[in-house]
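A short worksheet on the structure shown next.
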């Protein structure tokens, strides 16, 4: 089956044909590092990590760019309110945290969350503040082409002229006259209230370190401009896929597309957007207290369970969080790990097992992933393979069980679930060691039962249970799995 993805710009699922055969270029919007990561940020990163892994599995050499917005109105406002003894200016003096220090501190928090949940590092992760010359060049090009202008009030602002670009609004299929005014700069310097800022002149009270010299005066870049300049530097003026959360379609991505295409760039061939995360059907909001952070999720469940939950829905759909969501994900992960532990227990030679062979995902799994990254359908194949593998083990068909084990391992690898915890879904070494230890305990328990030493049998079972190992007695003997949650 041909790879097919939904393109927001054309509002249809289209065949994916890379601009350069055998490669794939992907840019997705990273964080504005003004605070701690929220679950929406991580859901988006996991969705595009799954896309990256699948493109690579299908034989593409993937270049991934994820930006960091490290200069922004909100970052400046947050830093002015951030006080800590760590940022003291002298004996007894406490000063506001520098904006760049706050941005760097939160950037590290995002990286911790990405790493904890198995989100692969991008090929390049540029910061906005490192690409000011590229932004100046793009602004000047837009001015020269008649699509941008310096503010008429000499504020140092430069705006994109939305009415100069006939296709403005095409990404989100809006009529320009129905749009709200752009709130990113003082409207007194604009020709049209919908014109958005490419460059923002320095304002009184802002730190001098937050301004850069430019042909239009000291200032800093507008949010939308940053992405256009950075993606062009690393992926060229035309690339395969631009991604991000659904909330970024307007105004951010609409403005990105307009300014880039107005500069003569082909820009993104596909626009892909992931859905939002809600809390019991309502939008998450700090003001009403219904938010849950990645850190809070990781306190409630292992990383593999959290990644399974955040990556289980179709990337374009809403993911609804409920108090039982992680328990349900844990049960699903436990079934998978239980089979893998049982299979390795049956197949390991001397306590070790190797998953050296890759590329054995079932055809139905591949078809699901090719069809606009249909992870729910792919997970259905994964769980059906687990079921068939368990049946094969019970009936003594070990080669069938081995095939199922390798398929399950490779499906987990593609979904990124092998990169977020040790245990039965790991690389085999931890699993083999655990299997040997547990099997020795089960053998001792079997002997105790044969000797009718019920106290010893119960003691072994209780010891295993205390270690999180669940023992199940069946007609073919005892089996075990790991308790989760």
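What to note about this one:
- Candidate set from the stretch 385-402 (those that are touching a helix residue (DSSP H, G or I) at 6+ places or on another chain (Cβ under 8 Å) and touching a residue at least 40 places away in the same chain (Cβ under 8 Å)); member that is surrounded by the most Cβ atoms within 10 Å (Cβ to Cβ): 389
- Which numbered condition residue 214 misses (of (1) within 20 Å of residue 32 (Cα to Cα); (2) in contact (Cβ under 8 Å) with a residue 60 or more places away in the chain): (1)
- Count - residues of the stretch 291-316 that are in the same structural domain as residue 406 (by TED's automatic domain parsing), closer than 16 Å to residue 280 by Cβ and assigned to a loop (DSSP other than H, G, I, E, B): 1
- Scanning the stretch 23-44 for residues that are in contact with a helix residue (DSSP H, G or I) (Cβ under 7 Å, 6 or more places away or on another chain) and under 13 Å from residue 242 (Cα atoms) turns up 24, 25, 26, 27, 28, 29.
- Some residue of the stretch 277-286 being out of contact with any strand residue (DSSP E or B) (no Cβ under 7 Å at 6 or more places or on another chain) and in a helix (DSSP H, G or I): yes
- Here 64, 13 are screened, and the one residue that is modelled with pLDDT of 95 or more, touching a strand residue (DSSP E or B) at 6+ places or on another chain (Cβ under 6 Å), buried (at least 21 other Cβ atoms within 10 Å of the Cβ) and under 23 Å from residue 312 (Cβ atoms) is 64.
- Residues in the stretch 313-333 that are in contact (Cβ under 8 Å) with a residue 60 or more places away in the chain and closer than 16 Å to residue 418 by Cβ: 333 only.
- Residue in the stretch 56-66 that is part of a helix (DSSP H, G or I), without any contact (Cβ under 8 Å) to a residue 60 or more places away in the chain and within 26 Å of residue 115 (Cβ to Cβ) present: yes
- All of (1) modelled with pLDDT of 95 or more; (2) within 22 Å of residue 119 (Cα to Cα); (3) part of a helix (DSSP H, G or I) hold for residue 381 with one exception: (2).
- Residue match in the stretch 18-30 (condition: without any contact (Cβ under 8 Å) to a residue 24 or more places away in the chain and either assigned to a loop (DSSP other than H, G, I, E, B) or more than 15 Å from residue 121 (Cβ to Cβ) (or both)): yes
- Scanning the stretch 16-29 for residues that are in contact with a strand residue (DSSP E or B) (Cβ under 8 Å, 6 or more places away or on another chain) and farther than 15 Å from residue 273 by Cβ gives 16, 18, 19, 22, 23, 24, 25.
- Just one of the listed residues (326, 382, 300) is touching a helix residue (DSSP H, G or I) at 6+ places or on another chain (Cβ under 8 Å), under 26 Å from residue 471 (Cβ atoms) and surrounded by fewer than 19 Cβ atoms within 10 Å (Cβ to Cβ), and it is 300.
The values are calculated or read from the model by the stated rules, or taken from the named source; none is laboratory data. Every value quoted in this text rests on a predicted model; they were computed, and no experiment measured them. Positions of Cβ are generated from backbone atoms using ideal geometry, with glycine treated the same way; all protein chains shown enter the neighbour counts.
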